[in-house]
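Student: I have a structure I would like to understand better, so I am pasting it below and will then ask my questions one at a time.
The values are calculated or read from the model by the stated rules, or taken from the named source; none is laboratory data. All figures in this text were calculated on a predicted structure; none of them were measured in a lab. Here the Cβ positions follow ideal geometry from the backbone for every residue, glycine too, while neighbour counts run over all protein chains shown. Note: accessible area is taken over every heavy atom of the protein model, side chains too, but ligands, DNA and RNA are not part of it. Shrake-Rupley method; radii C 1.70, N 1.55, O 1.52, S 1.80 Å.
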Amino acid sequence: MPALRLSEVVRLGTVWRMNRISAFGDDALGDFDAVGLVQQLAAGAVSRSELVEAAIARTEAVNPTLNGLAYEAFDRARTRAAAAQPYGGYFDGVPSYLKDNVAVEGMPTMNGTDAWNPRPERGDGDFARSFLATGLAPLGKTQMSEFGFSASAEHSRLGPVRNPWNPEHTAGASSSGSAAFVAAGAVPIAHANDGGGSIRIPASCNGLVGLKPSRGRLPLDRKLRQMPLRIVANGVVTRSVRDTAAFYREMERVYRTPRLPAIGDVTGPGAQRLRIAMCTQSITREASPEVRELTLKTAALLEELGHKVTTIDNPVPPRFMNDFLLYWSFLAFALVRSGRRTLGPSFDRGRLDNLTLGLDRYASRNLHRLPSAIARLSRMRRITSRVTQSYDVVLTPTLADVTPRIGHLDPTLDYQQIIDRLVEWVAFTPLQNATGEPAISLPLAESASGLPVGMMFAAPWGHEGRLLQLAYELEHARPWRRIQD
């Protein structure tokens, strides 16, 4: 079993200590990303069973600290890896995880809570069916914040999901367990999804690549398709741009929507020099001085690479955040009020966290405002399209401040305190969930304390390929730090 490593780091003349939780070691997974493992499998250097066993051992090494595992299906993964053709698809046999809010046959779906007795799903949902068709081999499901409502998974009974760069800090959310496991090296790629930043936020916190695709790019399970406004998008978190690009290429082979231009096989930087708008003023606040300075340094790098960067004011009206919060709270209202009917008689709202219950109360008091809020959110792309008439990409920080410590978003706090802190921190990401446009978080910066800080790039609807080309270029120009180094 790989040993956990304690790293003492000297940076800029200051000595600081971080208990990094790294599972990387001399086993079948080695230091490879998912594409590298595909190549290893093709060369016969490793077997599917060896990869699965290494991933299980790594998960067992880091999970006692990180708390990223919601449900383990290790024996199932072993059985399928030993079969002659366990999955098929490009990633055939590469170990991975699915987030605990999509339906997977034989696994329960608990959505980051323990408010009812789980039941195994009778079949794969629409997303899992496509995900599995790429050949990725799930070892189970990963932990998340309760129903994905918080940007930090700190459930009052299930415990917090911790950041492998420093376990005193949050791994972000809601795709927290997936991001923590990928960053720590348990698996190279894992499912994540994003309804207000839940791919990009944990990618930023954990030093990963996190692309939220355009609305409609990947399939959604039935319940998510029934939303009045489809703010959720499925995707993955990875350690390399090529893994993210390969995932979308392979998903496009099993699920293709004609309403969007194809991404295709993006394998490197683009030749076009881009017009890039930079904004450090979110809808609610200016980014913290530290994060603003890191964003300016990213802009300087872009200009060194020949792109034209222009600072702009945020074009989004302040009312947007209130509208988004009301819609967010309506989702909690629908879940809480229908819990016994949809989740079973064991559902106990008394076991829900303060944030979920507070959102439910907020929605119940403001339901009369919901139709107009949804209408305004649905029109947000009209505003962002004016920006994209003049610019190819928009650069912002992924988050308005550095990654907080565990407890900052403690779900046992008063609801108003939690929501105020949440809105302050997650000030940039919800916009693309309303517009349906793609955005990617890249680990291009680090805080003074040595934690990763993501930079976010947004593009017009359907232009993931542009973001991936830019991501390749930035990854080459400024390779990001790796937890195993």
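Student: Within segment 118-154, how many residues are at pLDDT 95 or above and not in a helix (DSSP H, G or I)?
Tutor: Residues in segment 118-154 being at pLDDT 95 or above and not in a helix (DSSP H, G or I): 24 in total.
Student: Taking only segment 212-222 into account, find how many residues are at pLDDT 95 or above and more than 20 Å from M380 (Cα to Cα).
Tutor: Going through segment 212-222 one residue at a time, the tally reaches 4.
Student: What number goes with the only condition from (1) open to solvent by less than 60 Å² (accessible area, probe 1.4 Å); (2) part of a helix (DSSP H, G or I) that E293 does not pass?
Tutor: In the conditions (1) open to solvent by less than 60 Å² (accessible area, probe 1.4 Å); (2) part of a helix (DSSP H, G or I), E293 misses (1) alone.
Student: Turning to a different aspect of this structure: Can we say D92 is open to solvent by 10 Å² or more (accessible area, probe 1.4 Å), modelled with pLDDT of 95 or more and in contact with a Gly (Cβ under 8 Å, 6 or more places away or on another chain)? Break it down into steps so the answer makes sense when it comes.
Tutor: Values: open to solvent by 10 Å² or more (accessible area, probe 1.4 Å): yes; modelled with pLDDT of 95 or more: yes; in contact with a Gly (Cβ under 8 Å, 6 or more places away or on another chain): yes.
Against the criterion (open to solvent by 10 Å² or more (accessible area, probe 1.4 Å), modelled with pLDDT of 95 or more and in contact with a Gly (Cβ under 8 Å, 6 or more places away or on another chain)), D92 qualifies.
Student: So is G106 in contact (Cβ under 8 Å) with a residue 60 or more places away in the chain and more than 19 Å from G159 (Cβ to Cβ) or not?
Tutor: no
Student: Taking the conditions exactly as written (farther than 16 Å from V232 by Cβ, in contact (Cβ under 8 Å) with a residue 60 or more places away in the chain, basic (K, R) and surrounded by fewer than 24 Cβ atoms within 10 Å (Cβ to Cβ)), does R157 satisfy them or not?
Tutor: So R157 passes the test.
Student: Moving to a separate point now. Go through (1) of a type in the set (D, E, K, R); (2) at pLDDT 95 or above; (3) over 24 Å from the mean Cα position of the chain (by Cα); (4) not in a loop (DSSP other than H, G, I, E, B) and name the single condition D323 misses.
Tutor: Of (1) of a type in the set (D, E, K, R); (2) at pLDDT 95 or above; (3) over 24 Å from the mean Cα position of the chain (by Cα); (4) not in a loop (DSSP other than H, G, I, E, B), only one is false for D323: (3).
Student: Going by the conditions given, is A84 open to solvent by 40 Å² or more (accessible area, probe 1.4 Å) and either without any contact (Cβ under 8 Å) to a residue 12 or more places away in the chain or hydroxyl-bearing (S, T, Y) (or both)?
Tutor: Taking the combined requirement at face value, the residue satisfies it.
Student: In segment 433-448, is there at least one residue being open to solvent by 50 Å² or more (accessible area, probe 1.4 Å) and at pLDDT 95 or above?
Tutor: Yes, because at least one residue in segment 433-448 is open to solvent by 50 Å² or more (accessible area, probe 1.4 Å) and at pLDDT 95 or above.
Student: Considering A277, A300, A271, which residue is on the phi < 0 side of the Ramachandran plot, open to solvent by 50 Å² or more (accessible area, probe 1.4 Å), at pLDDT 95 or above and among the hydrophobic types (A, V, I, L, M, F, W, C)?
Tutor: A271
Student: If V336 satisfies all but one of (1) of a type in the set (V, I, T); (2) more than 30 Å from P269 (Cα to Cα); (3) exposed (fewer than 14 other Cβ atoms within 10 Å of the Cβ), what's the number of the condition it fails?
Tutor: (3)
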